[in-house]
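The values are calculated or read from the model by the stated rules, or taken from the named source; none is laboratory data. Bear in mind that the values here come from a model prediction, so they are computed numbers and not experimental data. With ideal geometry, Cβ positions are generated from the backbone for all residues, glycine too; neighbour counts draw on all protein chains shown.
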């Protein structure tokens, strides 16, 4: 039996300092959270949700092999902005073929955060 997936809805990130993460992501994304509680902070990123959840420590996270890529118009500029805001390099911008560009950083809590430009991806209407 196949699952009828409706597409990406929410990406959850665990952080050791929710207030600092909220401030960092607000600056990095250029938006304030739409949901702001001590147990969860949610950002609406072009119709998708980026959620922050408190955790004692993000060290040793088993999410090291998972990267979620968020769409951008310019991967090089987005990657540079993220690094300028305190992220650290994970994957330098690269053309992976057919005009698709990707890059990734680690947020200040060690979580991977990817950006992608894919000229072939069209949102459903």
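Considering every residue within the stretch 56-63, establish whether at least one is under 15 Å from the mean Cα position of the chain (by Cα) and either at pLDDT 90 or above or not in a loop (DSSP other than H, G, I, E, B) (or both).
There is no residue in the stretch 56-63 that is under 15 Å from the mean Cα position of the chain (by Cα) and either at pLDDT 90 or above or not in a loop (DSSP other than H, G, I, E, B) (or both).
Can you pull out every residue in the stretch 15-32 that is assigned to a loop (DSSP other than H, G, I, E, B) and touching a helix residue (DSSP H, G or I) at 6+ places or on another chain (Cβ under 6 Å)?
Of the residues in the stretch 15-32, the ones assigned to a loop (DSSP other than H, G, I, E, B) are 16-17, 30-32.
Correct list: 32 only.
Do we find a residue being out of contact with any strand residue (DSSP E or B) (no Cβ under 6 Å at 6 or more places or on another chain), more than 18 Å from residue 17 (Cβ to Cβ), at pLDDT below 95 and in a strand (DSSP E or B) anywhere in the stretch 96-106?
yes
Go through the stretch 72-115 and give me each residue that's touching a helix residue (DSSP H, G or I) at 6+ places or on another chain (Cβ under 8 Å) and within 12 Å of residue 28 (Cβ to Cβ).
Listed by number, the residues that qualify are 72, 81, 82, 85, 86, 87, 105, 107, 108, 113, 115.
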